[in-house]
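The values are calculated or read from the model by the stated rules, or taken from the named source; none is laboratory data. Quick caveat: nothing in here was measured; it's all calculated off a predicted structure. Please note: Cβ atoms are built from the backbone with ideal geometry, for glycine as well, and neighbour counts cover all protein chains shown. For the accessible areas, the whole protein counts, side chains as well, though only heavy atoms, and no ligand, DNA or RNA atoms are used. Shrake-Rupley method; radii C 1.70, N 1.55, O 1.52, S 1.80 Å.
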Amino acid sequence: MQIVVLNGTLTEAEQDSYIQKATKVYPMSIIEKLYLDVQNGHVDVRCDLHRFRNMRKMGGYCIGEPSDWNYAKQAEFRDTVPNPIE
């Protein structure tokens, strides 16, 4: 995780407390960057979360993320029927 402190300085202990608070807010996500913006006695916290790619398989091949496909492949994906799990 990368920590970016803007418009001021924070001690290591203060940064650690903000890291702990952010990980409690997003327990199932990976935080890539944590922005700590110091402004007149308070700190604005925002973060960039890691975006997991949605990989798909079609015809036995891993063909990437659906948003990257052409219109024909997206239509084929919408028309597929998944196999039931028994």
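In this structure, is ARG51 open to solvent by 100 Å² or more (accessible area, probe 1.4 Å), charged (D, E, K, R), within 30 Å of MET1 (Cα to Cα) and modelled with pLDDT under 80?
yes
Only residues that are loosely packed, with under 11 Cβ neighbours inside 10 Å and among the small types (Gly, Ala, Ser): list them for the stretch 1-17, please.
ALA13
Would you check if LYS33 is surrounded by 13 or more Cβ atoms within 10 Å (Cβ to Cβ) and modelled with pLDDT of 75 or more?
When the stated conditions are applied, LYS33 passes them.
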